[in-house]
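**Student:** The structure follows.
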Amino acid sequence: MTHRTRRLPLTGMATASLLAAFALAPAASAHEGIEVGEYLVEIGWLNEPAIVGQPNAVQVTVRNHEDESPVVDLVPGALAVVVSTAGQDSEHFDLIPVFDAEDKTGPLGEYDASLVPTAPGNYTFHIEGRIHGTDVDVTVRSEDGAFDGVIGSSEFEFPAKLPNLTEVATRLDRIDGRIEALQSADPGSEAIDIANAATDAAQAAIDTANRALLFGGLMGGAGLVLAVIALRTARKSGRKGAGPA
């Protein structure tokens with residue numbers, strides 16, 4: 001099995017989002033504890049509630065079952081997780097120690113895999129690898145109560161309710177479709193209709209940007225492109241429609 005270490009850069013807006021997530025989210029409350037040979041493995045989200053678009057991590061804590069002492073000598077990649085939701089599987093994310101094994105500081109025995117969930121719903125964590133000489137192949141699911149599912153962020157947002165990632169992607173897809181139609185349309189009444197539709201889409205994008213400043217640059221830029229193309233198409237259609245008397 002090939003593992004790749006995934007580190008997520010948290011700068012600018014991402015850092016602010018992470019801080020907001022920590023402020024909003026209490027310590028993880030729902031974790032599944034599973035006996036694996038001589039070890040007890042606890043699995044869940046690092047931050048709960050897990051919120052769409054907020055940096056999070058799959059958290060795995062490994063302890064010796066007999067005395068509950070933390071296991072602190074697993075190398076990065078000894079354990080990995082595949083995250084699944086809505087029929088889609090992630091790549092293998094290496095679980096990385098988040099403590100200092102030499103100084104014995106930090107949350108001893110905790111291994112995390114950074115992740116930003118981008119859709120609400122139930123999730124599945126499949127943990128595999130080895131703890132010393134013990135094979136690990138464990139699957140836990142939020143729908144079984146092992147940990148919480150992912151929720152949308154709207155209930156935490158104030159004063160503006162931001163569009164979620166799916167809504168933004170859908171609107172951008174529609175804008176792309178209208179741009180392609182404008183570029184391929186022949187001058188005439190049909191082009192005027194497309195131009196009007198594109199203008200409406202641009203206005204909708206501007207309205208969305210006004211409601212959600214976070215997406216202002218993205219949606220406003222797309223709206224500007226649409227407006228320019230719509231204007232040029234309408235003018236070209238007007239000139240050819242007038243024609244020689």
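The values are calculated or read from the model by the stated rules, or taken from the named source; none is laboratory data. If you're wondering where the values come from, they're calculated on a predicted model, not measured in any experiment. Here Cβ is always computed from backbone atoms with ideal geometry, including for glycine, and neighbour counts include all displayed protein chains. The accessibility values were calculated without ligands, DNA or RNA, using every heavy atom of the protein model including side chains. Shrake-Rupley method; radii C 1.70, N 1.55, O 1.52, S 1.80 Å.
**Student:** What number of residues within region 98-119 satisfy the criterion of being touching a helix residue (DSSP H, G or I) at 6+ places or on another chain (Cβ under 9 Å) and surrounded by 15 or more Cβ atoms within 10 Å (Cβ to Cβ)?
**Tutor:** The total comes to 2.
**Student:** Oh, and also: Take Val36 and tell me if it is within 20 Å of Thr139 (Cα to Cα) and touching a strand residue (DSSP E or B) at 6+ places or on another chain (Cβ under 7 Å).
**Tutor:** The answer is yes for Val36.
**Student:** Would you check which residues across region 71-90 are of a type in the set (Val, Ile, Thr) and modelled with pLDDT of 95 or more and list them?
**Tutor:** Kept after step one, since they are of a type in the set (Val, Ile, Thr), are these residues of region 71-90: 71-72, 75, 81-83, 85.
Matches in region 71-90: Val71, Val72, Val81, Val82, Val83, Thr85.
**Student:** Of all residues in region 141-193, which are outside any helix (DSSP H, G or I), touching a Ser or Thr at 6+ places or on another chain (Cβ under 8 Å), modelled with pLDDT of 70 or more and surrounded by 16 or more Cβ atoms within 10 Å (Cβ to Cβ)?
**Tutor:** Selection gives Arg141, Asp148, Gly149, Val150, Leu162, Pro163.
**Student:** Counting only residues that are open to solvent by 20 Å² or more (accessible area, probe 1.4 Å) and at pLDDT 95 or above, how many does region 48-66 have?
**Tutor:** 3
**Student:** For region 67-97, name all the residues that are more than 18 Å from Glu35 (Cα to Cα), open to solvent by 20 Å² or more (accessible area, probe 1.4 Å) and part of a loop (DSSP other than H, G, I, E, B).
**Tutor:** Across region 67-97, the qualifying residues are Asp73, Val75, Pro76, Ala86, Gly87, Ser90, Glu91, His92.
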